[in-house]
Amino acid sequence: MTQIIDGKLISLQIQDEIAAEVKIIKANGGKTPHLAAVLVGNDGASETYVGAKVKACEKIGFKSTLVKLEAATTEQELLHIIDGLNNDTDIDGYIVQLPLPKHINEHNIVEAIAPQKDVDGFHPQNIGRMALNLPTYLPATPYGIMQLLERYKIDTAGKHCVVIGRSHIVGSPMSILMARNTNPGNCTVTMCHSRTANLKEFTLKADILIVALGKAEFVTADMVKDGVVVVDVGITRVPSTETKSGFKLLGDVKYDEVSAKSSFITPVPGGVGPMTIASLLMNTLKASRREVYK
Ligand code: NAP
């Protein structure tokens, strides 16, 4: 029987757990965890994402600060703001919402964030710590996926995990995490990308298939074996006459036919997506408790 991995439910559970912890911290006279978010420009999707993050902070009792900057902000000005956030002792962690306007070099910005406040987990130091299996802030989407695997008690040790996609924010960290000597983890990992020859040969051997390539309904039933665990990270917005909004979201997996062969599967929407905010909140709580950097 196929079990649907309910990311919405798990995300809400995690937020409730954090809210309960914040209550205890406050009752004991501790410092309220404080997350800041920097938004440069007026990109609609970025505004929505940041708005949702700020709202989630308020809901669970965190303090939040939104730093909204004009699209014309220079790299130098942004670096100056980052310096201020690095030195603000009340702010435990912060994110700079990506993508940034084209005239700003993202790498320079990410590297300027103090690693101990980098709750997005994008700083090279934190990525290095992840690879070395040291305490760190895991990037939001991979952290969310690891939580789903853990909370659904999915057996991963010794399994063959195939990851499609090698982006810095999803595919690459997922392949590292699934290969580490941890639980979840301990898989034999194959990482595939656009230059992989005979992709299907690999996907057919996957016990766990993590798909993050950004092509709607790319993975079909003939590409997977019976009993596979499928984690669908893709989100593609396509026009639709079935919805009020005029569009719907599709994953990278052809859900109906692949779910029929799967033991576990994440739906789109409602699978990996909702976990991103939960991950950010978990990282911020870790930052406020100085769990990663003492
Ligand atoms: P990305 O940076 O565009 O990377 C896509 C990866 O897929 C690349 O490594 C690319 O290979 C590989 N690829 C492309 N076509 C392929 C093919 N035909 N066969 C095999 N591999 C192929 O994308 P991303 O940022 O990782 O995001 C992937 C998807 O996940 C997108 O739909 C995105 O919207 C979604 N996403 C969702 C969440 C969430 O919270 N649910 C978070 C982040 C991203 P090359 O390296 O060779 O180009």
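The values are calculated or read from the model by the stated rules, or taken from the named source; none is laboratory data. Bear in mind the structure is a predicted one, so any value in this text is a computation, not a measurement. All Cβ positions, even for glycine, are placed from backbone atoms using ideal geometry, and neighbour counts span all protein chains on display. Ligands, DNA and RNA are stripped out before the accessible areas are found, and what is left, the full protein with its side chains, is counted by its heavy atoms. Shrake-Rupley method; radii C 1.70, N 1.55, O 1.52, S 1.80 Å.
Observations on the structure shown:
- Shape box of the chain [Cα atoms, principal axes, largest first, Å]: 53, 41, 37
- What a 1.4 Å probe finds exposed on segment 220-294 is 56% carbon and sulfur by accessible area, rounded to a whole percent.
- Solvent-accessible surface ranking, highest first, for Arg180, Arg237 at 1.4 angstrom: Arg237, Arg180
- Per residue Cα convex hull volume in Å³ - calculated over segment 140-274: 107 Å³
- Solvent-accessible area per residue for segment 140-274 (1.4 angstrom probe, square angstrom): 46 Å²
- Antiparallel %, DSSP beta bridges [both residues in segment 140-274], to 5: 20 percent
- Sites matching GluC sites (Glu not before Pro) across segment 1-93 that sit in DSSP coil, with at most 11 neighbouring C-beta atoms within 10 Å: Glu70
- Antiparallel %, DSSP beta bridges [both residues in the chain], to 5: 10 percent
- Placing a label point 7 Å from the Cα of Asp226 along the Cα-to-Cβ direction, the residues of segment 1-22 whose backbone N falls under 20 Å of that point are 1-4.
- For the chain, a Gaussian network of Cα nodes joined below 10 Å ranks Phe202, Phe264, Phe218 by mean-square fluctuation, and the top entry is Phe218.
- By the Cβ distance rule of under 4.7 Å, the chain has these cysteines without a partner: Cys57, Cys192.
- For Gln3, distant residues with modelled amide H under 5 Å away: Phe264, Ile265
- For segment 235-268 and segment 119-193, distance of Cα centres in Å: 24 Å
- Over segment 96-158: Kirkwood hydrodynamic radius from C-alpha pairwise inverse distances, Å: 13.2 Å
- Segment 140-274: relative contact order in percent, alpha carbon pairs under 8 Å with at least 6 residues between: 21 percent
- For segment 1-104, trypsin sites (Lys or Arg not before Pro) meeting the loop criterion (DSSP other than H, G, I, E, B) and having at most 13 other Cβ atoms within 10 Å: Lys31, Lys102.
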